[in-house]
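Here is the structure we will look at, set down as C-alpha cells.
Readers should treat all values here as calculations from the given coordinates under stated rules, not as data from a laboratory. Please read all numbers here as calculations on a predicted model, not as lab measurements. Cβ placement follows ideal geometry from the backbone for every residue including glycine, while neighbour counts extend to all protein chains displayed.
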Amino acid sequence: MDIIPTPESSDSSQNATNLMDMVPAAAASSSVPSRYESQKRRDWNTFGQYLRNHRPPLSLSRCSGAHVLEFLRYLDQFGKTKVHTQMCPFYGHPNPPAPCPCPLRQAWGSLDALIGRLRAAFEENGGKPEANPFGARAVRLYLREVRELQSKARGISYEKKRKRPPPPPPQLPSHVQLGDDHKPFLG
Ligand SMILES: [Zn+2]
C-alpha cells in the first residue's frame, strides 16, 4: 500500500478536496469510523468531480463499471507505488536498491479500499444496489488483476496483510574467518 504517514499535527483539519490529498488519506487504514466516513465523503466528492469533468458529460445514473475502470486508471497518474515492468532488474523486489524508470501507480490496497468506500457511498446516496457500478463484475476482475500484477512486480503478497518479519542480518559464509592475520576476500 501507499502508506504515507501523516504527521499528527496536520491531521486535525484536513478539508482539502483535491485528488493529491486523497492519496495519503486513502492509504491510512484507520479503523476510526469518523475518519472512514470523512474519507468516504471525500472520495465521493472526488468521483462526482470526475463525472462533472468527464467528456462527454456523464451522469451518475448512466455510470457503468467501465466508467469506474476509467476512473481508476485516471487515478494512476497520482499513484506513488512503483510497479516494475518485467524488463526491470528489480521486478519482484519489494525493496529495490536503486531507482529505476518504471511507472508509479496506485497501490492495489488503496484502490480496493477506495472502491469499497465508493460502493457504500453510492447506495447511501440513493443508488440501487443492483445498479451499483462499483460492485460491477468488471471492477472486481480489474482489482484482482491489479493485485496479481503488483504482487508479482513488487514481490509482495497481498493475500496476507500481516507484516513481514525483518530480513535476517547478512551472514558471512561459514568458511570465512575474521582475523587480523587473514585476508578472506582474497581467497
Ligand atoms: Zn523497476
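For region 76-92, a tally of residues being over 24 Å from residue 37 (Cα atoms) and in a loop (DSSP other than H, G, I, E, B) returns 10.
Of the residues in region 112-119, none is buried (at least 17 other Cβ atoms within 10 Å of the Cβ) and within 16 Å of the ligand (Cβ to nearest atom). Note on region 48-79: residues that are within 16 Å of the ligand (Cβ to nearest atom) and surrounded by fewer than 17 Cβ atoms within 10 Å (Cβ to Cβ) amount to 1.
Only residues that are assigned to a loop (DSSP other than H, G, I, E, B) and free of Cβ contacts under 8 Å to residues at least 40 places away in the same chain were counted in region 116-153, giving 3.
Quick check: anything in region 93-115 charged (D, E, K, R), without any contact (Cβ under 8 Å) to a residue 40 or more places away in the chain and part of a loop (DSSP other than H, G, I, E, B)? Checking region 93-115: not a single residue is charged (D, E, K, R), without any contact (Cβ under 8 Å) to a residue 40 or more places away in the chain and part of a loop (DSSP other than H, G, I, E, B). Among the conditions (1) in contact (Cβ under 8 Å) with a residue 24 or more places away in the chain; (2) farther than 26 Å from residue 137 by Cβ; (3) of a type in the set (Asp, Glu), residue 37 misses just one, which is (1). Pairing each residue of region 74-89 that is charged (D, E, K, R) with any residue that is away from the ligand (no atom under 14 Å from the Cβ) and part of a loop (DSSP other than H, G, I, E, B), provided the two are 6+ apart or on different chains, yields C-beta distances under 9 Å for 76/106; 80/2; 80/4; 80/106; 80/107.
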